[in-house]
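Beneath this line is the structure, given in structure tokens, with notes to follow.
The values are calculated or read from the model by the stated rules, or taken from the named source; none is laboratory data. The shown structure was predicted, so the numbers you read here are calculated from the model rather than taken from an experiment. Ideal geometry is used to build each Cβ from the backbone, glycine not excepted, and the neighbour counts take in all protein chains shown.
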Amino acid sequence: MPRLLIPVHDSPSSYRLLEHFLTKLTWFREPVEIHLLTVQPSLHGDVGMFINAEQIRNFHQEEGLKVLVPFLAQLDAAGVDYEYHIGVGNPAEIIDRYAREKACDEIVMGTSGRGPIATLFMGSVPAQVLQLTSLPVLLIK
């Protein structure tokens, strides 16, 4: 059974990614194991002085679930089985780590959705993932 990691975030490109991917599930000869992942940014600064680690963890979980809910609904409506994960940190590094930890065969992700100037100055997560991972990456625009 092929294992696929599908990183998503709250953007039009992620919504298009999942819609497109669901139409292509028939490409696979056998059922696929889908791991849906969203990555939350780390809280910086002295936030730990004001709230404890459990509150920070809960915050990341709540924010991650807010992002995932529409994607989970899409997968449920399509009758597709999945596992979901919420990571915290640098998106490209977390995507690569989860793909290895879950023994995924491929990463399926959308393009960043940024314009060319923003990408030039800030880079793109897909480009960083391509540099980090040894797995095949399917980019869907």
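When segment 7-24 is examined, which residues are found to be out of contact with any Phe, Trp or Tyr (no Cβ under 7 Å at 6 or more places or on another chain) and surrounded by 13 or more Cβ atoms within 10 Å (Cβ to Cβ)? Give the steps one after another, and end with the answer.
At the first step, the residues of segment 7-24 found to be out of contact with any Phe, Trp or Tyr (no Cβ under 7 Å at 6 or more places or on another chain) are 7, 9-17, 19-24.
Passing the criteria: 7, 9, 10, 11, 13, 14, 15, 16, 17, 20, 21, 22.
Considering only residues that are of a type in the set (A, V, I, L, M) and within 16 Å of residue 7 (Cβ to Cβ), look in segment 25-39 and name the one that is surrounded by the most Cβ atoms within 10 Å (Cβ to Cβ). Explain how you work it out, then say what you get.
Within segment 25-39, the first condition is being of a type in the set (A, V, I, L, M), and the residues that meet it are 25, 32, 34, 36-37, 39.
Cutting the leftovers down to within 16 Å of residue 7 (Cβ to Cβ) gives us 32, 34, 36-37, 39.
Numbers: 32: 21, 34: 22, 36: 21, 37: 26, 39: 24.
Taking the candidates together, the pick is 37.
I'd like to verify a number: residues in segment 1-53 that are within 18 Å of residue 87 (Cβ to Cβ), part of a loop (DSSP other than H, G, I, E, B) and either under 17 Å from the mean Cα position of the chain (by Cα) or modelled with pLDDT of 90 or more (or both), how many?
6
Return the pair list, or none, for Cβ contacts closer than 8 Å from residues in segment 97-122 that are within 15 Å of residue 5 (Cα to Cα) and of a type in the set (Lys, Arg) to residues that are at pLDDT below 95 and in a strand (DSSP E or B), at least 6 apart or on different chains.
From segment 97-122, the pairs are 102/3.
Name every residue in segment 90-127 that is surrounded by fewer than 18 Cβ atoms within 10 Å (Cβ to Cβ), at pLDDT 85 or above and more than 19 Å from residue 10 (Cβ to Cβ), in order of residue number.
Once the filter is applied, which keeps residues that are surrounded by fewer than 18 Cβ atoms within 10 Å (Cβ to Cβ), at pLDDT 85 or above and more than 19 Å from residue 10 (Cβ to Cβ), segment 90-127 yields 93, 97, 100, 101, 102, 103, 105, 106, 127.
Within segment 52-66, can you find the residues that are closer than 30 Å to residue 23 by Cβ and surrounded by 15 or more Cβ atoms within 10 Å (Cβ to Cβ)? Break it down into steps so the answer makes sense when it comes.
Quick first cut of segment 52-66, residues closer than 30 Å to residue 23 by Cβ only: 63-66.
Listed by number, the residues that qualify are 63, 64.
If the requirement is being more than 24 Å from residue 129 (Cα to Cα) and of a type in the set (Lys, Arg), which of these qualifies: 29, 16? Full working, then the answer.
Details: 16 fails: more than 24 Å from residue 129 (Cα to Cα).
When all the criteria are applied, what remains is 29.
When the residues of segment 67-89 are narrowed to those that are of a type outside the set (A, V, I, L, M, F, W, C) and without any contact (Cβ under 8 Å) to a residue 24 or more places away in the chain, which ends up surrounded by the fewest Cβ atoms within 10 Å (Cβ to Cβ)?
Taking segment 67-89 as the starting set, the residues that turn out to be of a type outside the set (A, V, I, L, M, F, W, C) are 70, 74, 76, 79, 81-85, 87, 89.
If we keep only those that are without any contact (Cβ under 8 Å) to a residue 24 or more places away in the chain as well, we get 76, 79.
Details: 76: 11, 79: 6.
That would be 79.
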